[in-house]
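Since the structure comes first, as structure tokens, the remarks are kept for the end.
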Amino acid sequence: MIGRRMMLQGVAALALGAAGGVLRAGPARAEGQGLAFDPEAYETLSTTVETSRGTVAVRYRFWRAIPYVARPVAPQYQVLNVSVPIEIDGVTVDASAAPILLANAVGGYMPSDVSAAKGVGEGGMMGPPPDMAPPAGPPSGMAAPSGSALMLAAGKRVSNAKLALAAGLVVVEPGARGRTLTDAAGHYIGTAPAVIVDLKAAVRFIRANAGRLPGNVERIVSSGTSAGGAVSALLGASGDSPLYAPMLAELGAANASDAIFAAGAWCPITDLEHADAAYEWCWGPNPVTGAGAVDRALSATLAAAFAPYQNSLGLAAPDGSGPLTAAAFPDYLLRAHLVPQATAHLAALSETDRQAYLAAHPHIGWRDGQAVLDWAGFIAHVGTRKKSLPAFDGFDLQTGENNLFGLGTEKARHFTAFAAARAGTTLAADIAETLRLMNPMGFLLSAHPGRSRHWWLRTGTSDTDTSLTILANLGAAAARAGDGVDLRYYWDAGHGANEDAEAFIDWIKTISA
Ligand code: DHB
């Protein structure tokens, strides 16, 4: 109810804005809305960044906590930081026309706070929401990070933001509302679709300040991990969609495009309304980490819903091997990704280390310089699943995603017919539209005109936070729309892995040229 009323007010605001609108240059418009970027309001900072070419010293200008909407509802979160390199290893650089990395810090669909960041790459939620920790998670107090912080924790200390800065790019880091935020009256103000509305408002702020905020606003490239990967992909897929306009108008977002040039998504937790079925189809056979078996009959019931969904998409395997149906999916993943990645991994090992790996991992073979594995063996090789059943729309309404779909004073709601039916209820009337606003797949499948044309998609082969099909479907849908797709599964890597971050920065430079 509340959502609908707000939407209607938003439509009215939009109509007024359009009727009285005079098209002017970006900065002038931004100024008129009280959203002008002040080029002088920076401090100069220094940092060092570890790269494959050694430690790089960067001097940069840093703008902290700039409000990106005129009428914020969560002022601490609806701000962004800007970092612009001025000197790299002692050499003066001019980033005024450089690509802009829009690095979100969203994790766990929680609020992401960059307002107190002391420099580039330091904002965001470092702690994990308890409702998204694995069942037998790390000891309390030692919670695993989520979102972009995952990248920092995953093996190497990698920050896309810092690497981009060291490569001469402009970095914008937006905060955003998240699912747990409430107002004084106890209303949830950061549940879906708040996070994507905020990120779009941040893009509009950047674009409205073209020529004033350093960087090329026609080359905005988004990045994010996990929930942040999901909203990064959504930002890329849904550029300039009128569906969000009323909510943007209500916040007083700048009158500018919210389309972005390219989207990078690591481990995206998306396509949520199909993710439970996809999860059982993929990881169903495995026991939950530390918590034992799942209900086999229920798992099979959910898994059976995957094929009708997958087959309805009408996607083709990007390697030209035919339709990407549920039946074809295992062979596609094996042929296009899993076997080549396992082969590369094993080929890079010494003979001794390879023999040790093969001895420790009986489901993986090695013949004529090639890894040998089949689907059932691969699933067994991964061994466990992080999530119980259902993975996303919990019967008990206790998952983070249940909270993501909260509304008004209701903290958590169902968003799949399956879980709702188990609870003896039906889905609330607004859920279908909210799902539409949160899922990049719909925009990609319809080749939405405002979408990004360049996609960097990554996840680990052992990432059991969601089904391995989620990433492949994003890639296949973008490829079918005619977009450039660079998709890779990192062998044996878990949730949050980012093993070729410098290649991502190189990719930005290549596609931007
Ligand atoms: C994240 C992880 C999850 O398993 C999930 O369901 C949602 C978000 C995250 O790390 O952002």
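Based on Cα contacts under 8 Å between residues 6+ apart, the chain shows a relative contact order of 17 percent. With R₀ fixed at 22 Å, the C-beta to C-beta distance from residue 360 to residue 384 puts the FRET efficiency at about 0.90. Potential lengthening of the chain between residue 291 and residue 51 amounts to 82.5 nm, from the contour at 0.36 nm per residue minus the alpha-carbon distance. The apolar share of the surface of the chain, taken as the fraction of accessible area on carbon and sulfur atoms (1.4 Å probe, ligands and nucleic acids excluded), comes to 56 percent. Across every direction, the projection of the convex hull enclosing the Cα atoms of the stretch 317-394 has a mean area of 6.8 nm².
Rounded, prolate or oblate: which one fits the stretch 204-339, using the alpha carbon gyration tensor with axes a ≥ b ≥ c (rounded when a/c is under 1.5, else prolate when a/b beats b/c, else oblate)?
Cα axes put the stretch 204-339 in the prolate bin.
For residue 372, the residues whose amide H sits under 5 Å from its own are 365, 366, 367, ignoring neighbours fewer than 5 places away on the same chain, with H placed 1.01 Å from N. Based on the convex hull around the alpha carbon atoms, the stretch 267-343 presents an average projected area of 6.2 nm². Shape analysis of the chain yields a ratio of the Cα radius of gyration to the Kirkwood radius, Rg/Rh, of 0.96. Here the Karplus curve 6.51 cos²θ - 1.76 cosθ + 1.60, taken at θ = phi - 60°, turns the phi angles of the stretch 70-85 into couplings of 7, 10, x, 9, 9, x, 5, 9, 8, 9, 9, 10, 10, 10, 10, x Hz, with x standing for Gly and Pro. Per-residue 3J(HN,Hα) values for the stretch 395-401, derived from phi via the Karplus relation 6.51 cos²θ - 1.76 cosθ + 1.60 with θ = phi - 60°, read 4, 8, 6, 9, 7, x, 5 Hz in sequence order (x marks Gly and Pro). Counted over the stretch 185-251 with a bin width of 5 Å, the fraction of Cα pairs per bin, in whole percents, is 4, 15, 25, 22, 20, 10, 3, 1, 0. Relative contact order of the stretch 177-313: 22 percent, from C-alpha pairs under 8 Å at least 6 residues apart in sequence.
Let me make sure I get this right: for the stretch 26-73, a, b and c are the square roots of the gyration tensor eigenvalues over alpha carbons, sorted descending. Under 1.5 in a/c it's rounded, otherwise prolate if a/b > b/c, else oblate. Which is it? Prolate shape, in that a/c is at least 1.5 and a/b is the bigger ratio. Work through the residues other than residue 113 whose Cβ is under 15 Å from its Cβ and net out their charges, Lys, Arg +1 and Asp, Glu -1. Charge balance near residue 113 sits at +1.
Amide H to amide H distances under 5 Å link residue 71 with 252, where only residues 5 or more positions off or on other chains count and H is placed in the peptide plane.
Note that the stretch 344-357 has calculated 3J(HN,Hα) couplings of 4, 4, 6, 5, 7, 7, 5, 4, 5, 5, 5, 4, 5, 4 Hz, one per residue in order, obtained from phi through the Karplus relation 6.51 cos²θ - 1.76 cosθ + 1.60 (θ = phi - 60°); glycine and proline are x.
The alpha-carbon of residue 387 sits under 28 angstrom from the alpha-carbons of these lysines, leaving out residues fewer than 8 places away in its chain: 156, 411.
Structural descriptor for the stretch 295-414: relative contact order 14 percent, calculated from alpha carbon pairs under 8 angstrom and at least 6 residues apart. Approximating the spin labels as points 7 Å out from Cα along Cα→Cβ, the residue 374-to-residue 453 distance works out to 4.4 nm. Rolling a 1.4 Å probe across the protein heavy atoms gives the stretch 241-364 an accessible surface of 37 Å² per residue. Given their separation in residues at 0.36 nm each and the Cα-Cα distance between them, residue 94 and residue 425 gain 113.3 nm when the chain is fully extended.
The values are calculated or read from the model by the stated rules, or taken from the named source; none is laboratory data. What you see is a predicted model; the values in this text were computed from it and never measured. Neighbour counts are summed over all protein chains in view; Cβ atoms, including those assigned to glycine, are modelled from backbone coordinates with ideal geometry. We work out accessible area using only protein heavy atoms, side chains counted, and drop any ligands, DNA or RNA first. Shrake-Rupley method; radii C 1.70, N 1.55, O 1.52, S 1.80 Å.
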